[in-house]
Structures are given as structure tokens and as C-alpha cells.
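See below for the structure under consideration.
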Amino acid sequence: MLGLLQSMYNAAGINVVASEGDLWGLLGSLFILISSLPFLLAKKSATPTEEIKEPSSEQVIPEQAPAPVTEVKVVTWKERLKSGLSRSRSEIWGKVTKIFHGKIDDEKIEEIEELLYGADVGPTTVNELLAEIEKNFLGKEANEEEFKKFLFDFLKSKMHSTQESVDHSLYEFSPESNQLKVIMVVGVNGAGKTTTIGKLATKLTGQGAKVVVGACDTFRAAAVDQLEVWCNRAGAEMIRAKEGSNPSGVGFQALEKAIQDKADYCILDTAGRLHTAGNLMEELLKSKKVLGKLDPEAPHHVLLVLDAITGQNAIRQAEEFHKTLNLTGLIFTKCDGSSKAGSAISIVEKLKTPIAYIGVGENVEDLNVFNLDEYLGALLGIEIKDA
């Protein structure tokens with residue numbers, strides 16, 4: 001065996017003398033190799049060769065189903081209004097109507113009186129309503145739906161004639177009119193005056209109207225900046241001046257620009273509070289009179305923005321502004337954050353001034369034309385069919 005191993009070394013050109021150690025190493029290696037063969041053969045037979053098939057020309061490959069389309073729900077104005085008046089409906093008017101079941105007595109009428117005063121409806125309206133309830137229901141059997149109908153008719157009678165006087169040009173742009181409408185918007189700070197003007201400008205430019213806005217609240221730089229953002233979105237031109245400038249001067253410049261550019265609307269923001277010793281109402285009256293130098297009929301509308309949250313205070317505010325400026329319309333805002341949206345009834349009846357717009361949220365879509373039937377329906381929880 002050593003001779004054979006030496007011959008193999010010589011054939012391979014290895015110049016080494018074969019030894020017994022080399023021989024035993026070779027025999028060991030051969031033993032390990034022979035012992036491993038069965039395992040290698042068994043593994044090979046256990047792994048079948050996969051046959052790769054070409055797809056048949058006739059094979060139909062199923063199409064993937066399209067991804068489901070998420071449908072965006074469009075919220076209608078009636079739904080927004082109903083949601084916005086939910087607090088007034090649930091906390092006040094809903095409780096009033098639920099009292100009406102079974103026989104109506106003095107105790108139930110006192111409950112109704114307490115709820116109505118809590119809603120800041122106003123003493124005159126409350127007394128008239130209670131008198132009608134006693135006349136029609138005291139000592140009689142009644143139900144909730146019957147009483148809702150009675151309430152709807154009573155409240156509508158208090159507002160209907162005044163609401164009929166609203167000038168539709170406030171929210172319906174007519175290109176054929178060729179007449180500039182000047183709208184002066186007034187109200188105390190915090191009522192939502194600036195954002196309301198922005199929304200109003202957006203609605204009018206959306207109808208194709210050319211709008212110029214005067215930022216006359218020169219004592220609040222933040223309000224002017226906010227109004228500028230709204231005007232940029234709406235595509236309306238804004239006239240502003242340095243902080244602390246004369247408010248009436250800014251209004252004059254804005255109207256002058258609107259006349260020069262043949263705009264359709266000129267909307268003027270005003271101060272809600274003065275940082276001087278001057279009286280707010282005197283300054284507003286001055287701003288109103290200055291406009292007459294450019295257009296004897298200007299402003300065509302003086303709109304007061306009222307915050308529904310203020311309730312009875314809103315009535316007093318409205319009286320003061322009306323006494324000085326002779327208001328032509330009201331904009332009732334923030335009705336979604338209050339249970340006192342019913343105070344609008346007393347304000348309209350007392351001032352004989354209609355509500356032009358009502359607001360129930362922050363978005364442009366949350367400000368809309370005031371519709372008396374829709375308002376009362378949302379307040380009382382009555383479904384009003386579209387005309």
C-alpha cells in the first residue's frame with residue numbers, strides 16, 4: 001500500500017516519501033466519503049425538479065377587482081342647520097314640547113315659562129306665548145306634535161312679515177343690475193364680524209360678482225390680517241390702511257376703489273371697539289355719513305352681526321346699533337354653540353329688522369340665507385318639506 005501511495009505521489013509530481021501516517025490519512029478520508037454517499041443520494045431523490053411551464057395563450061388571467069371607492073357624504077344646509085341648532089332644540093324647545101302630554105294645568109305652564117326665560121326669548125314674546133297657551137290648552141288634553149304645530153305657527157306669525165322685507169340682492173348676485181351695492185357690517189368684537197364678511201365675500205365672488213372689501217377695523221391688526229386671508233381665498237380685493245388710521249377714511253377709499261373698478265359689491269368691516277376716548281357709535285355714524293359724499297345712497301345696507309351666545313344682551317346690542325345706524329338686516333352667528341338661538345325671535349319682532357343670514361359653524365358652507373320655515377323647523381324638531 002505504501003508503494004502504491006508513493007507511485008501516486010510521483011505521478012502527481014510530489015517529491016515526498018510516503019509514510020504510514022499518509023496512508024492512514026488517505027484511508028480515513030475514503031471512509032468518510034463512502035459513509036456520506038447514502039445521505040447525499042437520499043436528499044437528491046427527495047427534492048423533485050420543478051417543471052417550469054410557459055403560460056398558455058388560451059389561459060385567462062383573472063383581472064384584479066378595482067379598489068372600493070369611498071363615497072364622500074355631502075352634508076346639506078338643512079342638516080347643518082339642524083345640527084347647529086341641536087343645543088337650543090334639546091335644552092329648551094324640546095323640553096317645552098315634551099311637557100305637553102295629558103291635561104295641561106298651571107304647573108305645566110309655569111315650567112314652560114321658566115324654560116323660555118332661560119332661553120332669553122324676551123318678556124314680551126314669552127307673555128304673549130303664555131297667554132295663547134292658556135287660551136288654547138289650559139285644562140285640555142294635549143300631545144307633543146299638536147303643540148309643536150301650535151308653536152311653529154305662533155313663532156312664525158311674530159317674524160313672517162318682517163322677514164318678507166329682506167333685500168334678495170344681499171345674497172343673489174344679478175349681473176344685469178349694474179348697480180354697486182355698499183354693505184356696511186357692524187357689531188361688537190367677538191361676534192364673528194370679520195369671518196362673516198370673509199364668508200359673505202366668498203359667496204358673492206362664487207356667483208361671479210366683483211367684490212371690494214374695506215378693512216375699516218384699523219385698531220385690530222390681527223383682524224385686518226385675518227380678513228386679508230379670507231379676501232385672498234375669495235378673490236376679492238381688500239383696501240387696508242396703517243394700524244390706527246381713521247376708520248371712516250378707509251371706508252371712503254374702499255368705496256372710491258369700488259366705483260373706479262365698477263365692482264358689484266363693496267363690503268365694509270368696522271370697528272367693534274375703539275382704543276380711544278371717542279364713542280363707538282359716533283365713529284360708526286361718521287363712517288356711514290362719509291360714504292354719502294361718493295354715493296348719496298350709500299350704504300345700501302347696514303348689517304349687524306349678533307352672537308347667539310349673548311342671548312338677551314344681543315337684544316340690547318341690537319337696540320343701540322339700530323338707534324344710531326338704522327339697521328337694514330341682521331346676521332345671527334354661532335348658533336351652534338348656544339342654547340339661546342331662539343332669542344332671534346324677540347330681536348326680529350322688537351326691531352322689525354329681518355335676519356339676512358344665519359351661521360352655525362366655521363366653514364363657508366355654515367353661513368347661509370336665513371329661511372324662516374327651516375329655522376323654526378330645526379328649532380322645534382319639525383321636518384320641513386322643500387318647496
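The values are calculated or read from the model by the stated rules, or taken from the named source; none is laboratory data. Everything quoted here is computed from the prediction, not taken from an experiment. Glycine gets a Cβ as well: all are built from the backbone with ideal geometry, and neighbour counts include every protein chain shown. Heads up: the accessible areas ignore ligands, DNA and RNA and are worked out on the full protein's heavy atoms, side chains in. Shrake-Rupley method; radii C 1.70, N 1.55, O 1.52, S 1.80 Å.
If you scan segment 282-300, which residues turn out to be within 30 Å of G122 (Cβ to Cβ) and either open to solvent by less than 10 Å² (accessible area, probe 1.4 Å) or in contact with an Asp or Glu (Cβ under 7 Å, 6 or more places away or on another chain) (or both)?
Within segment 282-300, L284 is the sole residue that qualifies.
Here's the yes/no breakdown for (1) more than 24 Å from the chain's Cα centre (by Cα); (2) in contact (Cβ under 8 Å) with a residue 40 or more places away in the chain; (3) under 21 Å from T353 (Cα atoms):
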residue	(1), (2), (3)
D264	yes, yes, no
R273	yes, yes, no
M281	yes, yes, yes
L284	yes, yes, yes
D295	yes, yes, no
A298	yes, yes, yes
L304	no, yes, yes
A318	yes, no, yes
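Tell me which of these T353 doesn't satisfy, since it passes every other one: (1) surrounded by fewer than 19 Cβ atoms within 10 Å (Cβ to Cβ); (2) touching a residue at least 24 places away in the same chain (Cβ under 8 Å); (3) at negative phi; (4) not aromatic (F, W, Y).
(1)
Might you let me know whether segment 243-261 holds any residue that is without any contact (Cβ under 8 Å) to a residue 60 or more places away in the chain, closer than 17 Å to V188 by Cβ, open to solvent by less than 30 Å² (accessible area, probe 1.4 Å) and among the aliphatic types (A, V, I, L, M)?
no
Here's the yes/no breakdown for (1) open to solvent by 70 Å² or more (accessible area, probe 1.4 Å); (2) within 26 Å of the chain's Cα centre (by Cα); (3) within 25 Å of M159 (Cβ to Cβ); (4) modelled with pLDDT of 90 or more:
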| residue | (1), (2), (3), (4) |
| --- | --- |
| V60 | yes, no, no, no |
| Q64 | yes, no, no, no |
| V69 | yes, yes, no, no |
| L85 | no, yes, yes, no |
| I99 | no, no, yes, no |
| G102 | no, no, no, no |
| Y117 | yes, no, yes, no |
| D120 | no, yes, yes, no |
| T124 | yes, no, yes, no |
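Could you grab me the full set of residues in segment 184-217 that are out of contact with any Gly (no Cβ under 6 Å at 6 or more places or on another chain), closer than 15 Å to V250 by Cβ and not charged (D, E, K, R)?
Those that are out of contact with any Gly (no Cβ under 6 Å at 6 or more places or on another chain), closer than 15 Å to V250 by Cβ and not charged (D, E, K, R): M184, V185, V186, T194, I197, V212, V213, A215.
Listed residues A209, A215, A223, A191; which is touching a residue at least 60 places away in the same chain (Cβ under 8 Å), open to solvent by less than 40 Å² (accessible area, probe 1.4 Å) and of a type in the set (G, A, S)?
Only one candidate qualifies: A191.
Among (1) within 18 Å of L170 (Cβ to Cβ); (2) aliphatic (A, V, I, L, M); (3) without any contact (Cβ under 8 Å) to a residue 24 or more places away in the chain, there is one condition A236 misses while meeting the rest; what is its number?
(3)
Can you find a residue in segment 327-338 that is open to solvent by 20 Å² or more (accessible area, probe 1.4 Å), touching a Lys or Arg at 6+ places or on another chain (Cβ under 8 Å) and small (G, A, S)?
Yes.
Given (1) out of contact with any Phe, Trp or Tyr (no Cβ under 7 Å at 6 or more places or on another chain); (2) under 30 Å from E365 (Cβ atoms), identify the lone condition not met by I183.
All conditions are met except number (1).
Given the options L200, L268, name the one that is out of contact with any Phe, Trp or Tyr (no Cβ under 8 Å at 6 or more places or on another chain), hydrophobic (A, V, I, L, M, F, W, C) and buried (at least 18 other Cβ atoms within 10 Å of the Cβ).
L268
Those residues that are open to solvent by 70 Å² or more (accessible area, probe 1.4 Å) and at pLDDT below 90, I need them from segment 140-167; list them, please.
Correct list: K140, E141, N143, E145, E146.
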